[in-house]
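The structure under discussion appears below in the form of structure tokens.
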Amino acid sequence: MSTTTPTEPGDALPVTERTRLRRMRHKGSHRRADLDAVLAAGFLCHLGVTVDGTTMVVPTAYGVDGDRLYLHGSVASRSLVQAPDTTVCVTVTHVDGLVLARSVFEHGVNYRCAMIYGVPEIVTDPEEKLRGLRALTEQSSPGQWEYARQPSRKELAATAVLALDLTEASVKTAGGPPDDGESEDAALGLWAGVLPVVTTFGEPITDPILPADFAPPAHIASRAGRVLGGEPAAAAQV
């Protein structure tokens, strides 16, 4: 395990060699509250793991419960089976806009992202396994765990759940307009600004085998039109 050093007081995460901010440090954070905000805004992550000597990056759903991030998949999944034997890197990213400057060199992206390192463990305790699966379900569709049929014993046996502690992580955010407004390129007379990127939930599409007038439950119908990822935090405007 990498050695750690403390950062700012309060809800600060420890700083390790993997999470130490080296470039654009003003955009970074080791505050647990900032990590929680990025994780709460999404449900899709990318799991980086070494499998048979080759690096794999796997997109997968996640859920957070307390100090643990949960991932799941088939017990036959190579990435999940080998992940507990090595350090993994999980990333979560929200793209908030394209920063279109006066020169191509100054173009960029407004974003919120988190990187989490650690050695995950396979969850074997039945109660925690259910808790992890509930966290995964509720992360993407709040209210769905109680609405739908919950896993059977056979389904639980076929499902692997990994738990990763949220102890080694860092956050970076970027926001705001192009920063070349006071450069010599400002005299070019070109438009510059931000093209926002917003993903919203659409109207629910009922399974065609159901009656046409079978209405979705309130916890699903109410999400239509809502923005996925939430609004960028004010702290992200740098």
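Taken together, the values in this text are just the output of simple stated rules run on the coordinates, not laboratory data. Computed from a prediction, not measured in an experiment: that's the story for all the values here.
In percent, rounded to a whole number, the relative contact order of the chain is 23, using alpha-carbon pairs under 8 Å and six or more apart. The relative contact order of segment 142-238, computed from alpha carbon pairs under 8 Å that lie at least 6 residues apart in sequence, is 34 percent.
Calculated from the structure at hand, Rg/Rh (Cα atoms, Kirkwood Rh) is found among [x] 1.07; [y] 1.03; [z] 0.96 as [y].
Within a straight-line Cα-Cα reach of under 20 Å, Lys27 can be paired with the following aspartates and glutamates, leaving aside sequence neighbours fewer than 8 residues apart in one chain: Glu8, Asp11, Glu17, Asp36, Asp96, Glu106, Glu168, Asp179, Asp180, Glu231. Amide H contacts under 5 Å for Gly97: Asn110, Val197, restricted to partners 5 or more places along the chain or on a different chain, H placed in the peptide plane at 1.01 Å from N. Cross-link candidates for Lys154: which lysines have Cα within less than 22 Å, leaving aside residues fewer than 8 places away along the same chain? Here the lysines satisfying the reach criterion relative to Lys154 are Lys129.
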